[in-house]
Each structure stands twice: as C-alpha cells, then as structure tokens.
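The values are calculated or read from the model by the stated rules, or taken from the named source; none is laboratory data. Small disclaimer: the values here were computed from a predicted structure and weren't measured. Ideal geometry is used to build each Cβ from the backbone, glycine not excepted, and the neighbour counts take in all protein chains shown. Ligands, DNA and RNA are excluded from the accessible area calculation, which covers all protein heavy atoms including side chains. Shrake-Rupley method; radii C 1.70, N 1.55, O 1.52, S 1.80 Å.
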Amino acid sequence: MIRATPHVAAMSPYALAELNAPAGKRLISLSQNESLRQPSPQVGKAVTRAMASAHLYPDPEWGALREALAALHGIPASGILCGSGSMELIACLTRAYCDLHHAVLAPAHAYPFFRTASELARARYDLAPEDGVTVSVDALLAAVKPDTRIVFIANPGNPTGTRIPRAELLRLREGLRGDIMLVIDEAYGEFADHLGEPVFDLVGRGDTVVLRTFSKAYGLAGMRVGWGLFSEDIAGEVRKVMNPNNISAVGQTAAVAALADQAYMQETCSITARLRHGFSKRLREASFQITESFTNFALVRFGGAREARLADAALRAEGVVARAQSGAGLPDCLRITVGTAEELDLAASLLKRWNDGGKT
Ligand SMILES: Cc1ncc(COP(=O)(O)O)c(C=O)c1O
C-alpha cells in the first residue's frame, strides 16, 4: 500500500460547504462569503484583452498588481507577495516558519484554515478563549507558550464578523515576544476600511504580516488572488515555499482592473452593509440573536446545537445553504453570507417561519 506521511494521514480534509439543493429547488448559496455581485464591468473587458497572451506563463513577480496595490495603499511594492488566494499565503507561512517543534496560536473561533495550515506544517494548534465571539488580547497573551511561533488573527474575524480596534492589535503585538510572528488576516478589511484603522505600518517592525484578498469586496473569489505585506526577510523565506507561477495571467489582470475601479468596490461594501443591517434587524425583531458584523456575513446564534441543525435543515429544504459552525467551535451558530435582497428576504422569511412553527 502507498502511504501518506503520518501527519497527513491523520488530518481531516478541509471541509467546504456542501452545495446542493433538493430536487426542484434553486440552489441559493449563502455559505462561502462570496460577493453579492459580479466584479466591476472593467474586469470583464481587461480579462478579454488578457486572453491574447494566455499562451504565455504569467508574470511570476505580479509586477503590475504589486505596483497598483502599493500605489493604492501607500505601501512598498517590494514587500508585497501575491498568492493563489490568501489561503496559499497562510499555508506557506506555516510551512516556512513552523514544524513539529512549534505551536500556532489563534482565537477560539478563528478561521478554520489556520488549523489546517498548522497541521500541514506539523505544528500544534493552540486556541485562546474569546470574549464571547470577540478576540481577547489578554487571553491570547496568556495562552502564549515557549514554543509558540505564529499568532493568527483575522480582523474582522470569520465566522464571528467582529473586530478589535487597532489599539488592541498594537497591544497584542507589544505583548508578544519578538520571535513570534503576528499574522493579521484582513480578508474582510475593505468592509471596515471606512473606520480608518489601517495596520500595514506594523509590518515595518519585521515581525508582523498583513494579509488581504480579492475574494470578498472585489468579488473575485473565482480568480484566486490574495496578497499580503511582508518584511523583506519573511517575504524571502515564504517565496521559497510558494508555487513560483501561482496566479494565472487572467487572475492578475482581473485584480489590477478591479483595483482601478475603487468606486465599484466601495459601492459593493455599502450595498453589503445596508443589506446586512436590514437582514440583522429583521432577524433580531423575530427574536434571533445576531452579533454586530463588519463583514459580508452575519452570525446567527440559536438556542443550542440541535436548534442550529434544525434551522440549517429548514433553510436547506428550500435550497438555501448557510454554513454550520461546529468547525469554529460554534455549533449553536449558522453563518449566513449577505446575498442579494431577494435571497436574504427568502432566508429571513424561512427562519421566521421555522421559528414561529415551533423550531422543528
Ligand atoms: C478570514 C479569511 N482568511 C482567508 C480567507 C481565504 O480567502 P482566499 O479566497 O483569498 O483564499 C477567507 C475566506 O473565506 C477568510 O474568511
């Protein structure tokens, strides 16, 4: 028999949502935090032009994309690495910096891929309690061990939707040892940028990485483009373990075109926030518990894990797929992505009907 290495054989595959609807029902996926609308129309035009050179390998240095990101965020292009989604960058960070002698630390309800990336690197994965569903800097600092090598925090968080202010991130960084890398994953950063608390300057310290993605506010989940700002040293090590030709030419072109249309992206963020508020208000009025979110999804808490499963089944019976959250330590919650007004209307009506009908 051909055997995988013991640590891979012991791993569970990363679980994505099961995307299927009962016969005769239209599938409405509110399960993957994709954008509620297509990318900017400029993206389609640019991608069509890029097809003319699809027979050539893509730019391994992501030159145009790095320049555009640097200009937009006022950061050095040389510190930017682009990944096949930010997932690639997360996995490469653990691969480059951790092995079986190390631990990765994250908040209790962190993005589950942090665990997968740690397991891939054979590192122990430690969790620190949260303050409800909000990151607790004190608990993270208390959970640091002598072998802790990386602390991951998504801000805003997934699946919690909550965020901590910049001052708290600074307090976290100040409280961590200098040999611990802090990775701030801002996959939903664009939805909170109006609060005016960028953290790219922390990267200059040499011990902090900031990640972002085109999968959410820019509506390019299918193109697989993520990026991050790294110190020169960290970037050099991470590049060694990355696929050297990781983002297709079409993906790079699409990201550059999406960046150039900031008005469209900002409009996506404000439509998303308006729909999220309306949906949350409606569910709260129907006595559901919803945390304030700074993202393109809402976290709904039920009376227990059984109730959450029943609500999930009631939605699925009508083709609406939400995301159960046992994997993030929240078995009593469902995460519902902000879809179109019609999709959210259907989800809210189904949940209300389920609630009024005795929650069966
Ligand atoms: C917190 C967080 N980080 C990273 C990712 C991965 O994004 P990408 O599509 O860029 O790989 C996600 C996707 O849902 C996420 O929620």
Q.
Condition first: small (Gly, Ala, Ser) and assigned to a loop (DSSP other than H, G, I, E, B). Can you find one or more residues in the stretch 250-262 that meet it?
A. no
Restricted to the stretch 300-318 and to residues being within 14 Å of residue 344 (Cβ to Cβ) and in contact with a Lys or Arg (Cβ under 9 Å, 6 or more places away or on another chain), the residue surrounded by the fewest Cβ atoms within 10 Å (Cβ to Cβ) is 318
Within the stretch 14-43, the count of residues that are away from the ligand (no atom under 15 Å from the Cβ), among the hydroxyl-bearing types (Ser, Thr, Tyr) and closer than 15 Å to residue 344 by Cβ comes to 0
Scanning the stretch 222-252 for residues that are away from the ligand (no atom under 16 Å from the Cβ) and touching a strand residue (DSSP E or B) at 6+ places or on another chain (Cβ under 7 Å) gives 234, 235, 239
Might you let me know whether the stretch 62-74 holds any residue that is open to solvent by 30 Å² or more (accessible area, probe 1.4 Å), among the acidic types (Asp, Glu) and outside the structural domain of residue 223 (by TED's automatic domain parsing)?
no
Of the candidates 133, 137, 144, the one satisfying the condition of being surrounded by fewer than 18 Cβ atoms within 10 Å (Cβ to Cβ), of a type in the set (Val, Ile, Thr), more than 11 Å from residue 106 (Cβ to Cβ) and in contact with a Lys or Arg (Cβ under 9 Å, 6 or more places away or on another chain) is 144
The one condition residue 116 fails out of (1) of a type outside the set (D, E, K, R); (2) open to solvent by 10 Å² or more (accessible area, probe 1.4 Å); (3) within 22 Å of residue 199 (Cα to Cα) is (3)
Selection from the stretch 174-217 of residues of a type in the set (D, E, K, R) and within 11 Å of the ligand (Cβ to nearest atom) yields 185, 186, 212, 216
Pairs returned, first residue in the stretch 25-41 that is open to solvent by 60 Å² or more (accessible area, probe 1.4 Å), second residue that is at pLDDT 95 or above and assigned to a strand (DSSP E or B), beta-carbon separation under 7 angstrom, 6 or more apart or interchain, are 27/321; 34/337
Counted residues in the stretch 79-99 being more than 22 Å from residue 190 (Cα to Cα), hydroxyl-bearing (Ser, Thr, Tyr) and open to solvent by 20 Å² or more (accessible area, probe 1.4 Å) come to 1
So, first residue within 27 Å of residue 146 (Cα to Cα) in the stretch 73-100, second residue among the hydroxyl-bearing types (Ser, Thr, Tyr) and buried (at least 22 other Cβ atoms within 10 Å of the Cβ), Cβ within less than 7 Å, six or more apart or across chains; the pairs are 94/118; 98/118
Selection over the stretch 276-299 where residues are open to solvent by 30 Å² or more (accessible area, probe 1.4 Å) and not in a loop (DSSP other than H, G, I, E, B) yields a count of 7
(Q) Take the conditions at positive phi and of a type outside the set (Asp, Glu) and apply them to residue 74. Does it pass? (A) yes
Of (1) under 22 Å from residue 327 (Cα atoms); (2) aromatic (Phe, Trp, Tyr); (3) assigned to a loop (DSSP other than H, G, I, E, B), residue 57 fails just (1)
Of the candidates 326, 270, 293, 248, the one satisfying the condition of being under 23 Å from the mean Cα position of the chain (by Cα), modelled with pLDDT under 95 and under 30 Å from residue 83 (Cα atoms) is 326
Only unsatisfied item for residue 177, checking (1) farther than 18 Å from residue 296 by Cα; (2) in contact with a helix residue (DSSP H, G or I) (Cβ under 8 Å, 6 or more places away or on another chain); (3) not in a helix (DSSP H, G or I), is (2)
Taking the stretch 216-259 and keeping residues open to solvent by less than 10 Å² (accessible area, probe 1.4 Å) and out of contact with any Leu (no Cβ under 9 Å at 6 or more places or on another chain) leaves 217, 220
Just one listed residue, out of 259, 351, is more than 23 Å from the chain's Cα centre (by Cα) and of a type outside the set (Val, Ile, Thr), and it is 351
Wholly inside the stretch 62-161, helices (runs of 4 or more DSSP H) that include 1 or more residues that are β-branched (Val, Ile, Thr) and within 15 Å of the ligand (Cβ to nearest atom) are 85-97, 113-120
